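Novice: Would you mind keeping the following structure in view while I ask a few things?
The values are calculated or read from the model by the stated rules, or taken from the named source; none is laboratory data. Because the structure is predicted, anything quoted here is derived from the model rather than measured. Cβ sites come from the backbone with ideal geometry, for glycine too, and all protein chains shown count toward neighbours. Protein only, heavy atoms only, side chains kept; ligands, DNA and RNA dropped before computing areas. Shrake-Rupley method; radii C 1.70, N 1.55, O 1.52, S 1.80 Å.
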Amino acid sequence: RTGPGETSWRALWELFASWPSSELKSQYLEIADQALVTWADRLRFVSSSNRLLYEGERLAPLARLVRSIEIYRREEQGSAELMAIASSKYSAELTYLSIVRSEIGDRAWQTLIGSPYLSDLRHLHVSSTLLGATNIQHFFLSSRLRRLRCLKLIDVGIRSRDLEGVRQEIPYAELCAIDLSSNGLGDEGALVLSQSAWVQQIRRMALGDNYIGAQAIRALLSSSFCERLEQIDLSGNHVTDLERPGLM
């Protein structure tokens with residue numbers, strides 16, 4: 001009744017967390033979930049470090065109310081938390097997942113990439129967290145995260161060779177924004193993107209700090225696959241002041 005707001009969300013979260021498990025609690029979780037449908041998904045946020053999110057090593061039923069989770073600087077706890085999230089039916093309506101500066105193992109990445117519960121995820125943001133070549137390939141080939149609209153893989157160790165296998169298509173039909181900043185793609189990576197058919201569905205792209213030179217940037221911007229781009233961030237690359245006017 002107090003309407004959307006961080007205070008209201010926190011109060012609701014703590015109320016249900018203190019309510020002992022019962023059939024009545026389950027009924028009111030259903031009622032609350034329906035009442036929150038008009039709230040912004042980003043407002044229904046919880047950090048993965050919040051212990052009320054779990055029952056033992058699994059997500060608690062309370063997690064069904066959440067739409068946005070961030071795993072932030074969780075170091076060795078990051079893998080266990082990601083696995084709990086990705087392997088739970090209570091994550092079925094999660095739309096935002098952010099992973100920042102955390103230690104995530106291969107098993108946890110594979111659980112995320114192959115999760116049958118995250119098909120409604122729209123935003124996946126990973127930054128300053130090592131992925132590894134195999135996991136990067138699996139990310140671009142996974143059919144599970146089919147509703148992704150915004151994918152950010154910033155400073156995760158992507159190299160040009162990791163993009164070679166996905167020149168034609170990726171399984172994210174709704175993807176319209178991608179951020180691959182700070183990955184050292186270089187000229188070769190920019191050229192691979194300029195020849196990748198799936199880029200034609202992208203409206204916003206960020207390739208900042210990737211050691212890309214003016215010639216490769218020019219090839220990318222002139223590619224027929226980039227004609228629909230509305231916004232591109234190429235800041236921090238190897239372009240001199242003399243070269244910059246020719247790229248506009």
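Novice: For region 6-55, how many residues meet the condition of being part of a loop (DSSP other than H, G, I, E, B) and either aromatic (Phe, Trp, Tyr) or within 26 Å of residue 125 (Cα to Cα) (or both)?
Specialist: 10
Novice: Take region 126-164 and flag every residue that is modelled with pLDDT of 95 or more, open to solvent by 40 Å² or more (accessible area, probe 1.4 Å) and in contact with a Phe, Trp or Tyr (Cβ under 9 Å, 6 or more places away or on another chain).
Specialist: 149
Novice: Could I ask something else about it? Checking the structure you have, find out if any residue of region 63-70 is on the phi > 0 side of the Ramachandran plot and surrounded by 14 or more Cβ atoms within 10 Å (Cβ to Cβ). Give the steps one after another, and end with the answer.
Specialist: Step one: of region 63-70, the residues on the phi > 0 side of the Ramachandran plot are none.
No, because not a single residue in region 63-70 is on the phi > 0 side of the Ramachandran plot and surrounded by 14 or more Cβ atoms within 10 Å (Cβ to Cβ).
Novice: Can you tell which of 208, 189 is farther than 27 Å from residue 73 by Cα, open to solvent by less than 10 Å² (accessible area, probe 1.4 Å) and either touching a Ser or Thr at 6+ places or on another chain (Cβ under 9 Å) or assigned to a loop (DSSP other than H, G, I, E, B) (or both)?
Specialist: Within the list 208, 189, the selection yields 189.
Novice: For region 89-114, which residues satisfy the criterion of being surrounded by 21 or more Cβ atoms within 10 Å (Cβ to Cβ) and of a type in the set (Gly, Ala, Ser)?
Specialist: Listed by number, the residues that qualify are 91, 102, 108.
Novice: In region 71-170, which helices (runs of 4 or more DSSP H) lie fully inside it and hold 3 or more residues that are closer than 26 Å to residue 39 by Cα and touching a strand residue (DSSP E or B) at 6+ places or on another chain (Cβ under 9 Å)?
Specialist: Correct list: 78-86.
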